[in-house]
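The values are calculated or read from the model by the stated rules, or taken from the named source; none is laboratory data. Not measured: the values here are computed from a predicted model. Positions of Cβ are generated from backbone atoms using ideal geometry, with glycine treated the same way; all protein chains shown enter the neighbour counts.
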Amino acid sequence: MAKNIDKLLVKILVDKGLVEPEALDSVVKEAEKTTRTFSAILIEQGLIDEGKLLDILAQELKLSFVNLRDVQIEKSVTKTVPLKFASYYKFMPLGIKNRMLTIAVAYPLDVKTQDEIRTQLGYEVEMVLAFESDINDMLKVHYGLAADTINKIISKTPRKQMEESRAEAEVEDIEKLAEEESVTKLVNQIILEAYKRRATDIHIEPYRGKVRLRYRIDGVLHNAPVPPEMTHFYSSILSRMKIISNLNIIERRLPQDGRATVKIQDQMIDLRISSVPTPYAESLVIRLLPTNMLFSLEKLGLCKEDLKIFEDLVKKPHGIIFVTGPTGSGKSTTLYTCLSQLNKDRTKIVTIEDPIEYEMEGATQMQVLPEIGLDFAMGLRGMLRHDPDVIMIGEVRDRETAEIAIRVALTGHLVFSTLHTNDAASGIVRLVDIGLEPYLVATSVEAFIAQRLVRSICPHCKVEDIDQPEEIKARIAKDLNLKSTDKITLYKGKGCKQCNSTGFFGRTAIYEILLVDDYIKELILRRVSSGEIKNVAIERGMHTLRQDGWGKVIDGVTTPEEVMKLTETEDEPQEELSSFVSGPVAEPEAPKKEPAVKVKPAGRCKRVYARLNTKVNVSYKIVNIKGKSFKPKDLKAQYSTTEGISAGGLQFISNEATFLGSILELKIDLPDAGQSIVCLAKVLRVELKDEEQPVKKGFYISVCFLDISSAERVRLNKYVEEELS
């Protein structure tokens, strides 16, 4: 070991008793045999922490320690210092002042190395210490990902040859270029960086004269800087990805999908590769999925009550369980977790998916292939001949698939599937809308589960968020029916090395579970709206996505911004029309043997439109009462005036009561000289005009608009606001 600094470090460690002399001797011998540095071996073997090592070196050598994530580096510095020097000598240039180049190193450079840098660059050298990982990250940020590899390729390949290789379209030449070690290394670096940054997707997008690389981390896309020269090798990158995923490397006009498996740090990763043509080249998206996924209900993010509900649901002997939510909300992971609980030797599990997300040993998995006619409906009919106990359908998209799934559930099978709806109650309406009879939905479905994924606060930099306004705490207390905000503490991540300075590390799910009990079944049979079903379910104990999110905010799992961003629809009323109604909504008829439940907004249906108490002429016709429609010739117009009006609905006086839920055809004559507003409305509340004299006819009818156009709603809102002002 020739370096004086290594000898000095050995003496310091021995004198301070930080490392045993025998251990140091073995490190010294290993450093002499390999090209790795003495300090790197010390840290790798766990003999000393990197931070402690840098503190010792800083004190003994009178050097400064800097956090590179807090340092602003000008572009002129990186342009002055070529990447090949910085990567070869393993330093990050920080600044140039008065012919003095300040560089950050993870281990002090010896005098000979400093002289080489001084001779090559023409600057005096001043060293500061920094973490090695931070130096590597800054090199990627300021010079671009895999810039060193690209520079080496360029140095070996003449520019004319690169341009010719890009222009040629022969299979042999493309394949040969793609299989070169340098290009393979470049692709591997892109994938490895995604794995290290916990990315779920890699997006490689070509544009005119440049290539953009982005990683999706915790559901959010982040730019990864790449050197401009990467555009010269984009065709090689495409060919390499196509070859490992068995795609056609000649075909550039049609979208293609493939898959490959790679090994990273003793873990097998499944790559789902998709290419689509663009005006400049094919755009690539690579999804990273672990081949051996450990599924556990306890790790889904369920609260204790929901965990018990899930455990009971997967024990059901038959029925359908629907998981709802938009793309990327974690529905497949939830379904696979449920299947893993049932994956026993005595249970036959069959799935049909598009695509197969995870490989599950013990389950028979089928891939949908629309190009040969194998859709969900055909696959579902075929899998029934395999005598399954549990069936998982990737998605119910049409009436045929839904009908088969429901009849399978009614004949003694347990079925799991997904729907694309915003909340749990909307899943009921979706099934009815695609053509299912309500009685089939009511008798076959066990539960609708809505979910979203929220980012989790990084545990390494989690601190109390004292900047949150009191209104947020008040909103949380109101939604959770808490008496005060005294026990509500909000947290955030301030950003650290582990979370890439985002403040978030990983994601967890928030849930809304609607159990289809006897009361909900009665509402389904009566074809009531999703808003009414949701209100009834809430009154019976269901918590909404936002309420579950607030619980995780209080527990310090996520931030209020994450919850509000993913549950924006809960700021709106349960129905468009309920924005006018400020009082309780009358309850539907309760099933027999169970008391009626009052359905009311319970603080959730906030009025979003201003209301004006004024007289406006209206006329109405009853077009539907409890599912019974009337022919136009049987409709009789009745005239009245409003007691109150808003852009969401209105209230008028009628001599005759009408049934709750009836559909009216309204004609509103605003005093603004415009045409009459004609729309359908639904009756939400009926009250006696004079409760002390019930024999005197007169009723307040509160309705909300169903199909009013956006322009007419704006017109109504403008009229109300002008009158109020």
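Observations on the model:
- Spans of strands (runs of 3 or more DSSP E) in segment 345-430 with at least 3 residues within 22 Å of Pro326 (Cβ to Cβ) and in contact (Cβ under 8 Å) with a residue 12 or more places away in the chain: 349-353, 414-419
- Subset of segment 54-74 that is touching a residue at least 24 places away in the same chain (Cβ under 8 Å) and in a helix (DSSP H, G or I) - its residue that is nearest to the chain's Cα centre (by Cα): Arg69
- Here Arg546 meets the list (1) surrounded by 22 or more Cβ atoms within 10 Å (Cβ to Cβ); (2) part of a loop (DSSP other than H, G, I, E, B); (3) of a type in the set (Lys, Arg) almost entirely, failing just condition (2).
- Condition broken by Pro82, with the remaining ones in (1) surrounded by 14 or more Cβ atoms within 10 Å (Cβ to Cβ); (2) touching a residue at least 24 places away in the same chain (Cβ under 8 Å); (3) not small (Gly, Ala, Ser) satisfied: (2)
- Within segment 548-567, residues that are at negative phi sit with their Cβ atoms under 8 Å from residues that are among the aromatic types (Phe, Trp, Tyr) and outside any helix (DSSP H, G or I), at 6+ positions apart or across chains, in these pairs: Asp548/Tyr511; Thr559/Tyr491.
- Filter pass, Ile309 being in a helix (DSSP H, G or I) and either closer than 18 Å to Leu289 by Cβ or hydrophobic (A, V, I, L, M, F, W, C) (or both): yes
- Residue in segment 518-529 that is among the hydroxyl-bearing types (Ser, Thr, Tyr), at pLDDT below 90, buried (at least 17 other Cβ atoms within 10 Å of the Cβ) and part of a loop (DSSP other than H, G, I, E, B) present: yes
- Residue selected from segment 14-53 under the condition of a type in the set (Lys, Arg) and not in a loop (DSSP other than H, G, I, E, B), by the criterion nearest to Phe65 (Cα to Cα): Lys52
- The listed residue being charged (D, E, K, R) and touching a Pro at 6+ places or on another chain (Cβ under 6 Å), out of Arg259, Arg272, Arg253: Arg253
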